[in-house]
Amino acid sequence: MSKLEQVLILEPSGELKFKGPFTEVVTSNLKLNNPTDKRVCFKVKTTAPRRYCVRPNSGVVEPSSSINVSVMLQPFDYDPQEKNKHKFMVQSMFAPEGGIDNETMLNMWKDADQTQLMDSKLKCVFELPPEALENDLDAAKEAKEVAAVPPVKPNIPKPSPEAKRPVTQEATVAVKTVNVGSSASDSEMKKVLDECRRLQAEVSKLQAENAQIKDDGLRQRKATPSDNQTFTTEFAPVAQRSAIPPVLYLLAAVILGFILGKFIL
């Protein structure tokens with residue numbers, strides 16, 4: 001069974017226009033005319049209930065009379081390139097006999113026979129003054145241009161060819177040669193110093209032994225004033241040792257001079 005034709009006459013009939021700017025509440029008026037001789041109940045619905053405030057959103061239109069409905073659009077950031085899909089629908093049906101209060105109205109719409117309902121649909125249209133529309137279009141264009149600009153890359157200088165040039169084999173060999181030569185010189189110098197210390201220790205030891213022998217011989221001569229020399233033969237080997245230090249001095253001087261001459265040359 002087809003729907004009943006709407007008996008109310010809507011002004012405007014096809015669309016609700018809202019004129020910006022939309023920084024504050026914008027109101028569009030909808031007039032409902034009842035040309036019949038019966039009372040008609042109505043109710044206004046929308047696809048965006050959070051964006052609009054409707055007063056009254058339901059009621060009764062008496063026979064051969066009309067009622068004005070105010071549709072108030074709440075403030076929002078308007079984008080001229082955004083497609084508006086908001087719509088309104090005015091449902092109606094003939095009122096029952098008798099009085100109608102709010103509770104009766106609520107139960108009536110809740111228990112209504114869907115075949116007895118009539119409706120009309122309107123779409124919402126947002127309009128801006130020409131100068132405001134131009135400004136909004138320019139702002140949207142600038143925003144897109146800014147978003148399309150690629151990020152600036154930091155200008156990092158490239159390394160020079162000399163910095164990229166690998167270390168050659170000759171340079172590596174030269175470095176190794178210097179390091180090896182330095183290590184060899186340090187090792188030889190250490191050996192020379194150790195040898196000098198050893199020779200000085202031996203010379204000091206021989207000097208101490210020589211002084212001890214001289215002291216012992218002097219005490220013996222004082223204790224035996226006679227010409228008996230029996231005890232002297234006992235120290236002959238030691239007396240021979242007392243002649244060794246000059247030889248060691250000479251040997252040490254030759255070795256030290258040879259080592260020092262090697263380093264100087």
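The values are calculated or read from the model by the stated rules, or taken from the named source; none is laboratory data. These numbers were taken from a predicted model, which means no experiment stands behind them. Glycine gets a Cβ as well: all are built from the backbone with ideal geometry, and neighbour counts include every protein chain shown. Please note that ligands, DNA and RNA were not included when accessible areas were found on the heavy atoms of the full protein model with its side chains. Shrake-Rupley method; radii C 1.70, N 1.55, O 1.52, S 1.80 Å.
Here are a few things to note about the model shown:
- Accessible area of the stretch 1-90 belonging to carbon and sulfur atoms, whole % at 1.4 Å probe: 47 percent
- Here the simple spin-label model places points 7 Å from the Cα toward Cβ, and for residue 17 and residue 194 these points are separated by 11.1 nm.
- Solvent-accessible surface of the stretch 21-122, averaged per residue with a 1.4 angstrom probe and all protein chains in place: 61 square angstrom.
- Sites residue 116 and residue 77, calculated FRET efficiency, Cβ-Cβ separation with R0 51 Å, nearest 0.05: 0.75
- Applying 1/(1 + (r/R0)^6) with R0 = 22 Å to the Cβ-Cβ distance of residue 253 and residue 211 gives a FRET efficiency near 0.55.
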